[in-house]
1. Write down the radius of gyration of the stretch 81-153 and its Dmax, each obtained from C-alpha positions, in Å.
2. Which one of A297, G25, F150 is farthest out on the positive end of the charge dipole of the chain, using unit charges on Cβ (Lys, Arg +1; Asp, Glu -1) and the Cα centre as origin?
3. Say we join alpha carbon atoms closer than 10 Å with springs in a Gaussian network model of the chain; which of P165, P236, P181 then has the biggest fluctuation?
4. Using amide H atoms built in the peptide plane, which far-off residues or other-chain residues are under 5 Å from V240 H to H?
5. Please return the longest range in the chain lying between exposed loop sites, taking trypsin sites (Lys or Arg not before Pro), DSSP loop only, at most 12 other beta-carbon atoms within 10 Å, and leaving the sites out.
6. Could you give the length gained by full extension between Q202 and D50, i.e. 0.36 nm per residue of separation minus their alpha carbon distance, to one decimal place?
7. Just tell me the longest site-free run in the chain, where the sites are GluC sites (Glu not before Pro) in a DSSP loop having at most 15 other beta-carbon atoms within 10 Å.
8. Between helix 12-23 and the chain, what is the angle of the helix's C-alpha long axis to the longest principal axis, kept within 0 to 90° and rounded to the nearest 10?
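No value in this document is a laboratory result; all are computed from the given coordinates. From a predicted model like this one, the values you see are computed outputs, not experimental measurements. Don't worry about glycine lacking a Cβ; one is built from the backbone with ideal geometry, like all the others, and counts go over all protein chains shown.
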Amino acid sequence: MTVLILTSEEDVTADMVVNELHATGTPVLRLDPADLPGKAVLSADYAHGDFDGHLSVNGHVLSMGGLRSIWVRRPGEPAADAPEPSPWLTAETRQALYGMLHSAAARWMNHPRNADQARLKPWQLRLGHLSGFAVPPTVFTTAPRLARAFVEQHKEVVVKSASGPPPGEPPLALPTTLIGPDADFSAVAAGPALLQRYVPKQADIRLTCVGTRLFAARKTAEPDQIDGRYGDTGHPWEPVPVPDRIGKSVHEYVTMAGLAYAAFDFAEDEEGIWWFLECNQGGQFGFVELETGQPIAAAVADWLALQRRPDRRGPEGRH
């Protein structure tokens, strides 16, 4: 039984998991959907009340009947590298590839339907509440008056992107920015603004969840640091134990979200409270493993190599 990894050719994090799978003798096929059609070939046959499908990549053939699990890591846009790419060809290739993969009895990390919902920041915050996390007061609004009222109420507020940097070249950096009541709120009417009460933090926490296994790492913050993603604090990531309350909430969250993998970001305040900021269903873990030595890649490989037929009621057993 083979593990299929959907990712780009240059993906160091995926390389770490591939090495772990090879070490256990687990067959692996790696595919970038951007290589379809062209470098890769697919065929799906629906006839006589049955289904059969095949993928061929660099001469290696994978039957859908021999597909153990699918890791949706960092896949390219289907048909992006075709000789004559087009939106129509991308749509057709996506239909063929993912329709065939959905037809197979394989486990997903993460199922595309659940992953799409898990990317929505407003839904993440609601799920954070339902899971029992401490969540900073937050508002999404296109009303300048409401944005100003929120800032006046909470005094110290950050504004940040919900969807991340916009696509394009050169790539843009959109750091989280601290604002006050004297800010110009008129631009809020031009697009939704995400405003959140500022959490003065003593550290950033990255918690990686792989199935039921949890790996937490802590990085001391500089005084008055706003966004830990930008700038070097001079402090390394260090492994830390997961508090029981946080562990329970993480398992509640991933169960409700239907996720097999998730990377949680928290801000630890001076009282030691972990404030939930976001959950990235496809977040990086390579940098954490390299600095802390936590065996996250091995945990991902173990989950992918485990042979278990999924619950046919829905993706990852979710109704």
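1. So, for the stretch 81-153, Rg and Dmax equal 19.8, 56 Å respectively.
2. Comparing the listed Cα positions along the dipole, F150 ranks first.
3. Greatest mean-square fluctuation among the candidates belongs to P165.
4. Hits under the 5 Å cutoff: A216, A217, R218.
5. 1-154
6. Extra length available between Q202 and D50 comes to 49.0 nm.
7. Answer from the scan: 11-155.
8. Relative to the chain, helix 12-23 is tipped by roughly 50 degrees.
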